[in-house]
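What follows is a single structure, written as structure tokens, with notes after it.
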Amino acid sequence: MASVASIRKQANDILKEFYGEDAKFRPGQLDAIVNTVQGRRSLVVQKTGWGKSIVYFIACKILRQENKGLTLIISPLLALMNNQIEAAEKLNLNIATVNSDLKGEKEDKVYQSLNELDALIISPERLGNERFNDELMHSQVSIAALVVDEAHCISDWGHDFRPDYQRIVKLISVLPEGLPILGTTATANNRVIEDIRAQLGEDLFVTRGDLMRKELQIQVNPSQSNKEKLAWLVDCLLHDDRLKNKKGLIYCLTINDCIRVSQFLQNYGISAAPYYSARKEDKEQVEENFAKFEAGEIKVLVCTIKLGMGYDASDIRYVIHYQLPKNIIAYYQQIGRAGRDGQDAYIILMHGEQDEEILTSFIRSAHVKPEIIKELIQLLTSGGKSKQEIMEKVDIRDSKFNEISKYLLVHDYIFKERPEGKWVYHANINKLFDIESEQERQLKLFRIRHGEINELKEFLSLKSCYMQFIANCLDAPDGVNSCGHCENCQHHLLFDYTGEQYLKDAERHLSISKARITPRTKWGDGSTISTELQAKKGWVLCNEYHSGVGSTLQYCKYRTGKLTPQLIDWLTRFLRKELREEQVNIDAIVGVPSKRYPDFVREFSKELAFNLNIPYIDAVEKTAIGKEQKSINNSIHQQRNIEETIKIHHESIFNKTILLTDDIINSGWSFTVIAAMLLKAGAKAVYPFAILSTGLRTEE
């Protein structure tokens, strides 16, 4: 084994060769390199922008010089992989990645060159890929070191736990004794570190540095409504030279908010665009937005957490949160995108009364009942089942099934049978699913997440240093210091704007945020809805649930039982305009029936029909009170819930173009199923219309 002195010399020589004679390591970097090259299991917890990639790439270069083999780097995001490749190429490393975007000849080429590579970057999901494992074994490539980037993802208690990271623990168990293992993260508190230690080994050597980012100047705005937030944003971005025409990020909790905020900014000539996990139909546009932002053609990227850990750009001058982040640790990760060049950057946290409701709904949706997991396992013990067969029996969301099956797969409770693709219970497993332990784990996680919301509330009312509070939440060794630059340290607002002159425009923007209803093309079981049974593209008056329209509609429905004349007039003018512009001639209006509120949709639909001089027809009958759609988890059950409680009166709709009306669209299954039934019964075409959308199944 090389001596500490020789490793330090090699590392310094490499640094100066590629970064200049004046280049120096930051405190802790050189020690981390020495630990890795000497074969220790290490966890490096250092602030965003500290230079964790330099550590493992220089260690990789030294190991390669000693003919030790390939460094395998586990990285969670494609964007992060691309940044890492750029960093590695600066050190003249021969590096490649295998990821979901790599297909055909390009993927073949990487596998053929494994023995020539200095480093290979993969996602944790790739560890479960049959071809990857076969190629790795077939090439007999020697692994010199394992690097786990964003290592907090291993821990259940981390802010961004990913089940696939558990595959790393299994990989480590079969690696040779003494193989260097390096984990890196900026966001691991004591609880997370201890969990990582339990999984990577008690001999894990942990190094922690200060987490204070003194170049980040933080301000927390007072509570604001959505219209106040929009107005304040425009006021600030138009008139403050510190932000005006500078590159920045605005984080939103929902996709709809990303689109809505970027549109409002665009109305005032601010160069903004949304970025989120897009569906197939708008993915190309969203990725183009990101490319233009990278190139400086777009100045403001309004994004979800899709743009999170690992995004490394030196020219981000500000990060604004339109709503509360999920927790303080995620907040630190996101604000760490700014000021990576060491220059001043500005951090603004906006919040309002709806934020806690959204965050609480995230916690509820993330919770998996252990009974559901046990039900799924018991179903598979009777024989292999396809995903569709499982979903028909177990009422579970598609995304939640993917999460649970991943968890059970990674922990060897189940496996996927080839070539049929059926999920099968692992009969030879030497452990049983412990429902009590799972309940205890879920309860602990539930309490932690709610504790994190309380931590956010404390942050909002803080009178002392914001960065100090964040460092304390992360159990950082420097938590006793103050940054000296935040709003509280400076004892005055960093950005003092009212947005008053933009409030009316903001209110109008939120209330008239119309959307289009995109017809479903697949049934709940994944089969195609034939074209002749598909609804046409429809309309939503307002795509902002927490708006004047939203609150008025809910008051009318649950208190008075009828819409106000003003809202009826608004709906009439909206529909008249949209139908004229789309050149759609409606022959009849049909309301979506309800047993719980039998008169509400029917009455406002009749009024609309009268105003538009179109006949209203009671063509759809609700035969029984089904479950509330929002209480049902998966599409198969939601579709079935509508089909089993609806009857069509055929004689009144033959060859008619129908406007199918409802008050609120959520999953969209009521429109999908009833439209198909109307068309099957002889209707010519069906156009759905809803007053309000929760944001699902809509297209801006």
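The values are calculated or read from the model by the stated rules, or taken from the named source; none is laboratory data. Keep in mind that what you see is a predicted model, and the values were worked out from it rather than measured. FYI the Cβ positions are ideal-geometry reconstructions off the backbone, even for glycines, and counts take in every protein chain you see. Calculation scope for accessible area: heavy atoms of the full protein, side chains included, ligands and nucleic acids excluded. Shrake-Rupley method; radii C 1.70, N 1.55, O 1.52, S 1.80 Å.
Yes/no matrix, rows are residues, columns are (1) surrounded by fewer than 13 Cβ atoms within 10 Å (Cβ to Cβ); (2) farther than 30 Å from Ser223 by Cα:
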{"site": "Arg418", "(1), (2)": "yes, yes"}
{"site": "Lys422", "(1), (2)": "no, yes"}
{"site": "Leu432", "(1), (2)": "yes, yes"}
{"site": "Glu436", "(1), (2)": "yes, yes"}
{"site": "Leu445", "(1), (2)": "no, no"}
{"site": "Ile453", "(1), (2)": "no, no"}
{"site": "Glu458", "(1), (2)": "yes, no"}
{"site": "Ser461", "(1), (2)": "yes, no"}
For this session: Note down all Cβ pairs under 7 Å where the first residue falls in region 620-636 and is closer than 20 Å to Val601 by Cβ, the second is among the polar types (S, T, N, Q) and not in a helix (DSSP H, G or I), and they're at least six residues apart or on different chains.
Result: Lys622/Ser594; Lys622/Thr645; Thr623/Thr645; Ala624/Thr645; Gly626/Thr645; Gln629/Asn666; Gln629/Ser667; Lys630/Asn666
For this session: State all residues of region 382-401 that are at pLDDT below 85 and either open to solvent by 70 Å² or more (accessible area, probe 1.4 Å) or touching a Gly at 6+ places or on another chain (Cβ under 8 Å) (or both); if no residue qualifies, say none.
Result: Ser382, Arg397, Asp398, Ser399
For this session: Report yes if Ala506 is in a helix (DSSP H, G or I) and over 20 Å from Gln333 (Cα atoms), otherwise no.
Result: yes
Exercise. Got a sec? Which strands (runs of 3 or more DSSP E) wholly within region 128-243 have at least 2 residues that are surrounded by 20 or more Cβ atoms within 10 Å (Cβ to Cβ)?
Worked result: 143-149, 181-185, 216-220
For this session: Identify the residue in region 271-312 that is free of Cβ contacts under 8 Å to residues at least 60 places away in the same chain, farther than 20 Å from Thr518 by Cβ and of a type in the set (Gly, Ala, Ser) and, among all such residues, is most open to solvent (accessible area, probe 1.4 Å).
Result: Ala295
Exercise. Within region 599-621, can you find the residues that are open to solvent by 40 Å² or more (accessible area, probe 1.4 Å) and in contact with a strand residue (DSSP E or B) (Cβ under 7 Å, 6 or more places away or on another chain)?
Worked result: Arg602, Lys606, Pro615, Tyr616, Glu621
Exercise. Which residue, of Leu409, Leu376, is assigned to a helix (DSSP H, G or I) and open to solvent by less than 10 Å² (accessible area, probe 1.4 Å)?
Worked result: Leu376
Exercise. Quick one: how many residues across region 34-59 are under 27 Å from Ala330 (Cα atoms) and of a type outside the set (D, E, K, R)?
Worked result: 14
Problem set entry | Hits in region 66-91 - residues which are over 35 Å from the mean Cα position of the chain (by Cα) and either assigned to a helix (DSSP H, G or I) or in contact (Cβ under 8 Å) with a residue 24 or more places away in the chain (or both) | Glu66, Lys68, Gly69
Exercise. When region 41-65 is examined, which residues are found to be modelled with pLDDT of 90 or more, outside any helix (DSSP H, G or I) and open to solvent by 20 Å² or more (accessible area, probe 1.4 Å)?
Worked result: Arg41
